[in-house]
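The values are calculated or read from the model by the stated rules, or taken from the named source; none is laboratory data. Keep in mind that what you see is a predicted model, and the values were worked out from it rather than measured. Here the Cβ is made from the backbone with ideal geometry for all residues, glycine too, and neighbour counts use every protein chain on show.
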């Protein structure tokens, strides 16, 4: 059973290439555990339709699927350029004007979707188009415009992003667009909200308060991609502890902090998330060659396998499923790599920080017990998901089946390591009842030759103390 059960989860971005109920269903049937809705593109009307498709496919599969709303944040982008392109050369002086209504005429004054003049300082670095164009800020021309000097020969294209690794946005990372998306998402069926360009833990708290004010129970994911976020171990750990999970946003991190920083920072972030029992998503270019090709490169296979060995909860697909020619094939290839890796290499060990959490201590004990007695499955009865989060953080080498009466909790648990979540009406024995149901259906299987399924059940009384009981049961 454990060899067939994918412990590291797959998060797939929905985009033009997957914008149909048939393809979304096929991706979910092929191994997708969560879908990312990228608010940098598309409309709320499109996303509302996609949510309906995702929920319908999840119901058909009989499994919970998470939906993650990824806010654009101060992802500064160029506006529309004449003929969609502008050639630039070393020494050119370019004016970036915050005027979305401006129609570019081919000159060196170009529109930008953010007022950089309010935040930038002279001599700060700036890069454009994923680092293809390097520049330095030379002058604040007006209240809405800056002048930059181009440092290399290249070209720009419409809507491409800008990165300012040394510019202090002073906590102002939620744009008007983000605020509107947060309000919309609170009314929609959203399980996670990802905050872009996080700099400090206070950014997380600000978003959390906004979600609470709108009545949202979505969990908060901090995207780690700025130089300021990783400037000190103390700041980085504070961000992890303030959030419900993090995304290792390797694309912008490479541009903001340097590509050489990314591998060690990925390892550091996964370790911090495991230490504190937080969700960890590794993102960007995991199988990017499959945007155009039907097979991944050996380097990409190694990249996915490394994330699995390091103990990431989730590996994410971006352009591969949003714009690629082989979205479903990419999911299948990623699943193959995950299964082979987990069945032939154990997750790297790490010291867990669970001394301050009753849930953590009980879950650590249950996980150790399950492995020592060669149990087939760990069953978590959970109201809020806390026990399942803590159990998954131990990275047991066997499936975790969580049962809850709350559909939102079940959807959120769909992205948690080794977890498969089910919604059932609450009862004292709904964990044991679910184990019997899943055994009868063939979803849970006994070891070869065994008649009974051996389950470790973690439970408690939701109206009293909470999680306080570990039981071993034969099913």
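Scanning the stretch 343-352 for residues that are in contact with a helix residue (DSSP H, G or I) (Cβ under 9 Å, 6 or more places away or on another chain) and farther than 15 Å from residue 392 by Cβ, which turns out modelled with the lowest pLDDT? Going through the qualifying residues, I end up with 351.
Quick one: residue 349 ticks every box in (1) surrounded by fewer than 17 Cβ atoms within 10 Å (Cβ to Cβ); (2) in contact (Cβ under 8 Å) with a residue 12 or more places away in the chain; (3) outside any helix (DSSP H, G or I) bar one, so which box is it? Condition not satisfied by residue 349: (2). Look at the stretch 40-80 and say how many of its residues are on the phi > 0 side of the Ramachandran plot and surrounded by 14 or more Cβ atoms within 10 Å (Cβ to Cβ). Of the residues in the stretch 40-80, 2 are on the phi > 0 side of the Ramachandran plot and surrounded by 14 or more Cβ atoms within 10 Å (Cβ to Cβ). Within the stretch 143-192, the only residue that satisfies the criterion of being over 22 Å from the mean Cα position of the chain (by Cα) and assigned to a helix (DSSP H, G or I) is 176.
Are any residues in the stretch 3-26 in contact (Cβ under 8 Å) with a residue 40 or more places away in the chain and either surrounded by 24 or more Cβ atoms within 10 Å (Cβ to Cβ) or out of contact with any helix residue (DSSP H, G or I) (no Cβ under 8 Å at 6 or more places or on another chain) (or both), and if so, which ones? Scanning the stretch 3-26 gives 5, 7, 8, 9, 10, 11, 12, 13, 14, 18.
I'd like the residue in the stretch 157-166 that is out of contact with any helix residue (DSSP H, G or I) (no Cβ under 7 Å at 6 or more places or on another chain) and surrounded by 21 or more Cβ atoms within 10 Å (Cβ to Cβ) and, out of all such residues, is nearest to residue 99 (Cα to Cα). Ranking the candidates gives 162 first.
Taken residue by residue, the stretch 122-133 has no member that is surrounded by fewer than 17 Cβ atoms within 10 Å (Cβ to Cβ) and either in the same structural domain as residue 402 (by TED's automatic domain parsing) or without any contact (Cβ under 8 Å) to a residue 12 or more places away in the chain (or both).
Of all the listed residues (57, 117), the sole one being assigned to a helix (DSSP H, G or I) and touching a helix residue (DSSP H, G or I) at 6+ places or on another chain (Cβ under 7 Å) is 57.
Every condition in (1) touching a strand residue (DSSP E or B) at 6+ places or on another chain (Cβ under 6 Å); (2) under 23 Å from residue 69 (Cα atoms) is met by residue 151 except one, and the failing one is (2). State whether one or more residues within the stretch 182-202 are surrounded by 15 or more Cβ atoms within 10 Å (Cβ to Cβ), at pLDDT below 95 and over 30 Å from residue 44 (Cβ atoms). Within the stretch 182-202, none of the residues are surrounded by 15 or more Cβ atoms within 10 Å (Cβ to Cβ), at pLDDT below 95 and over 30 Å from residue 44 (Cβ atoms). Condition check for residue 89 on (1) over 30 Å from residue 34 (Cβ atoms); (2) buried (at least 19 other Cβ atoms within 10 Å of the Cβ); (3) touching a residue at least 60 places away in the same chain (Cβ under 8 Å): one failure, at (2). State whether one or more residues within the stretch 361-376 are on the phi < 0 side of the Ramachandran plot, surrounded by fewer than 20 Cβ atoms within 10 Å (Cβ to Cβ), free of Cβ contacts under 8 Å to residues at least 60 places away in the same chain and not in a helix (DSSP H, G or I). No, the stretch 361-376 contains no residue that is on the phi < 0 side of the Ramachandran plot, surrounded by fewer than 20 Cβ atoms within 10 Å (Cβ to Cβ), free of Cβ contacts under 8 Å to residues at least 60 places away in the same chain and not in a helix (DSSP H, G or I). The set of residues in the stretch 241-251 that are over 18 Å from residue 310 (Cβ atoms) and either surrounded by 22 or more Cβ atoms within 10 Å (Cβ to Cβ) or at pLDDT 95 or above (or both) comprises 241, 242, 243, 244. Does residue 467 fit the bill of being outside the structural domain of residue 335 (by TED's automatic domain parsing) and not in a strand (DSSP E or B)? Considered against the rule, which asks whether it is outside the structural domain of residue 335 (by TED's automatic domain parsing) and not in a strand (DSSP E or B), residue 467 comes out as no. Of the residues making up the stretch 410-433, those that are buried (at least 19 other Cβ atoms within 10 Å of the Cβ) and part of a loop (DSSP other than H, G, I, E, B) are 414, 415, 416, 417, 418.
If you go through the stretch 40-52 and keep only what is modelled with pLDDT of 95 or more and under 20 Å from the mean Cα position of the chain (by Cα), you end up with 47, 48, 50, 51. For the stretch 27-54, a residue qualifies if it is outside any helix (DSSP H, G or I), closer than 15 Å to residue 192 by Cβ and out of contact with any helix residue (DSSP H, G or I) (no Cβ under 9 Å at 6 or more places or on another chain), and exactly one does: 33.
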